[in-house]
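For reference, the structure is listed below as structure tokens.
The values are calculated or read from the model by the stated rules, or taken from the named source; none is laboratory data. Predicted model only: the values in this text are computed from it and were never measured. Cβ coordinates were reconstructed from backbone atoms using ideal geometry, including for glycine residues, and neighbour counts include every protein chain displayed. What goes into the accessible areas is simple: the full protein's heavy atoms, side chains included, and nothing from ligands, DNA or RNA. Shrake-Rupley method; radii C 1.70, N 1.55, O 1.52, S 1.80 Å.
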Amino acid sequence: MVSCPAGQFKTYSYKHTFLMYPNWDSQGNPRHIDTRYAENIGIVTED
């Protein structure tokens, strides 16, 4: 369950991992984005 200003949702968690080329890794390598989806709603949160 995730609470946000729009309400409370049952969500599924997905982690996207990006491996960056050497010229683009100043912000970290690998980079991760954690996304929480709710059925019939879509993306609820994304970090």
Cα-centre dipole for the chain with unit charges at Cβ (Lys and Arg positive, Asp and Glu negative), debye to 20: 80
How much of the accessible area of the chain, probe 1.4 Å, is carbon plus sulfur, in whole percent? 52
Options (1) 12.1; (2) 13.0; (3) 10.9 - which one matches Kirkwood radius over Cα pairs in Å as calculated here: (1)
Fraction of beta bridges assigned by DSSP in the chain that are antiparallel (%, nearest 5): 100
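Calculate, for the chain, the solvent-accessible area per residue in square angstrom, rolling a 1.4 angstrom probe over the heavy atoms of the protein chains. Could the numbers behind the result be given before it?
Values: 4080 Å² over 47 residues.
Result: 87 Å² per residue.
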